[in-house]
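The values are calculated or read from the model by the stated rules, or taken from the named source; none is laboratory data. Quick caveat: nothing in here was measured; it's all calculated off a predicted structure. Reconstructed Cβ throughout: ideal geometry from the backbone, glycine too, with neighbour counts over all protein chains shown. Ligands, DNA and RNA are stripped out before the accessible areas are found, and what is left, the full protein with its side chains, is counted by its heavy atoms. Shrake-Rupley method; radii C 1.70, N 1.55, O 1.52, S 1.80 Å.
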Amino acid sequence: MSNSARTQRFDVSATGESHTKTTVTARDFEFVIDEPPASGGTDDGPTPVEYLLGSWAGCLNVVAHLVADEYGFDLESVEIHLEGELDPARFLGKSDEPRPGYQEIDVTLEVEADAENEVLEEWLAEVERRCPVGDNIENETPTTLTLEH
């Protein structure tokens, strides 16, 4: 990891409460990740893959407003809808194909803004280009998994 003066470091800690439920702490916030009863969970929170979509939506919202301000138009409202399909076969250990994650994710931004369509198209391209969560989803990010016991 870079220790550049320009970077910011983010971290979360998580505790497995059961075989499906996880409590996550981020700064002074806590949230629960769980599975629905059909997957053996207690439905105390969204699933990990739902949080992934929600994280991208939250990031798009922030970047959308930031870029609209830079472009000089009022973004009166933004509704963001994300959906994707994944095949649980690999996750469940039943197959090596396909990959365990989303095969594709469709993102729709419905906006009310005082800007022409051409400006909005350019704005959307800039939002996509600058969204950190979208960047991590759309591009491979080096990761390490370390076991301590």
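What the table below lists for this structure:
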item	result
Per-residue [θ]222 nm for the chain (sum of -39500 (n - 2.57) over DSSP H runs n ≥ 4, rounded to 500)	-10000 deg cm²/dmol
Once exposed loop GluC sites (Glu not before Pro) are cut out (DSSP; at most 12 other Cβ, 10 Å), longest piece of the chain	1-115
Region 1-83: relative contact order in percent, alpha carbon pairs under 8 Å with at least 6 residues between	15 percent
Whole-number percent relative contact order across the chain, with pairs defined as alpha carbons under 8 Å at least 6 apart	16 percent
Cut-off 13 Å between beta-carbons: net charge of the residues surrounding THR25, Lys and Arg +1, Asp and Glu -1	-3
Carbon + sulfur, % of accessible area of the chain - ligands and nucleic acids excluded, 1.4 Å	48 percent
Chymotrypsin sites (Phe, Trp or Tyr not before Pro) within region 1-99: DSSP coil, no more than 13 neighbouring Cβ in 10 Å	PHE10, PHE91
Local electrostatic count at PRO46 - Lys and Arg +1, Asp and Glu -1, tallied over other residues with Cβ under 13 Å	-4
Residue-count net charge about GLU35 - beta-carbon cut-off 14 Å; Lys, Arg +1, Asp, Glu -1	-4
Principal-axis tilt of helix 48-71 within the chain, Cα atoms, nearest 10 degrees	20 degrees
Accessible area of the chain divided out per residue, in Å², using a probe of 1.4 angstrom	77 Å²
Degrees between helix 117-130 axis and first principal axis of the chain (Cα, 0 to 90, nearest 10)	40 degrees
